[in-house]
1. Can you compute the charge dipole magnitude of the chain about its Cα centre, using +1 on each Lys and Arg Cβ and -1 on each Asp and Glu Cβ, nothing else charged? Give it in debye, rounded to the nearest 20.
2. Set the Förster distance to 30 Å, then compute FRET efficiency between Leu101 and Gln142 from the Cβ-Cβ distance, nearest 0.05.
3. Rounding to the nearest 10 and keeping the result within 0 to 90°, find how far the Cα-based axis of helix 13-25 lies from the longest principal axis of the chain.
4. Send over a whole-number figure in Å² for the accessible area per residue of the chain, probe 1.4 Å.
5. By how many degrees, between 0 and 90 and to the nearest 10, does the Cα long axis of helix 62-72 differ from the longest principal axis of the chain?
6. Excluding residues fewer than 8 places away in the same chain, name every one of the lysines whose C-alpha is closer than 21 Å to that of Lys103.
7. How large a share of the accessible area of segment 90-156, in percent, is made up of carbon and sulfur atoms when the probe is 1.4 Å and the other protein chains stay in place?
8. Mind checking which of Ala123, His137, Pro107 is farthest towards the positive end of segment 45-148's charge dipole, using Cβ charges of +1 (Lys, Arg) and -1 (Asp, Glu) about the Cα centre?
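The values are calculated or read from the model by the stated rules, or taken from the named source; none is laboratory data. What you are looking at is a predicted structure, and each value in this text was computed from that prediction instead of being measured. Positions of Cβ are generated from backbone atoms using ideal geometry, with glycine treated the same way; all protein chains shown enter the neighbour counts. Ligands, DNA and RNA are excluded from the accessible area calculation, which covers all protein heavy atoms including side chains. Shrake-Rupley method; radii C 1.70, N 1.55, O 1.52, S 1.80 Å.
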Amino acid sequence: MKTNQILIVEDDPWQAKFLNRILSHEGFEATIIPSGETLFQVVETEDFDAVVLDLGLPDEDGIVLARKLRARSSIPIIVVTGREELDDKLASFDVGADDYLTKPVEPKELAARILAVIRRANAGKETTAATYPLGDHTLDLQQHEVMDADGKAVDL
Ligand code: CA
């Protein structure tokens with residue numbers, strides 16, 4: 001199985017190091033960027049499975065970044081922040097975050113939540129590709145049908 005690649009957006013070097021250590025220990029491969037400046041470029045050029053996003057960032061707020069990222073990509077976003085206010089949580093989910101965790105994070109919980117959002121994202125992908133070639137026929141797992149070469153359902 002391929003190692004899940006996680007992009008961490010965190011400006012605090014100590015926190016970034018801590019998150020990186022947690023994720024490596026839990027079997028992920030993590031890359032750290034300290035601000036949103038290179039976020040879109042990095043997400044578009046490299047194949048990440050999820051983004052762990054801080055909210056208090058130097059150039060742009062994490063909520064703004066999450067909204068912009070969601071407009072370009074369906075990559076799972078997990079907010080990890082010191083902000084505990086309900087407004088921040090609601091705003092994050094509203095712009096497309098998939099999960100929200102407050103610091104200090106429990107390493108096992110962070111790992112479990114990341115895996116959960118990746119699993120949901122992958123499940124979504126699988127349902128869009130539910131047809132498989134079967135000789136000169138096609139098996140459609142969504143419609144529970146077998147189609148012949150002309151695309152007509154075969155009576156089984
Ligand atoms: Ca921060």
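1. Numbers: 16 positive and 30 negative charges, 61 e Å.
Roughly 300 debye for the chain.
2. Values: r = 34 Å, r/R0 = 1.14.
Plugging the Cβ-Cβ distance into 1/(1 + (r/R0)^6) gives 0.30.
3. Helix 13-25 and the main axis of the chain meet at about 40 degrees.
4. With the other protein chains kept in place, the chain gives 59 Å² per residue.
5. 20 degrees
6. Lys103 reaches Lys17, Lys89.
7. On the way: 2490 of 4610 Å².
Result for segment 90-156: 54 percent of the exposed heavy-atom area is carbon or sulfur.
8. Pro107
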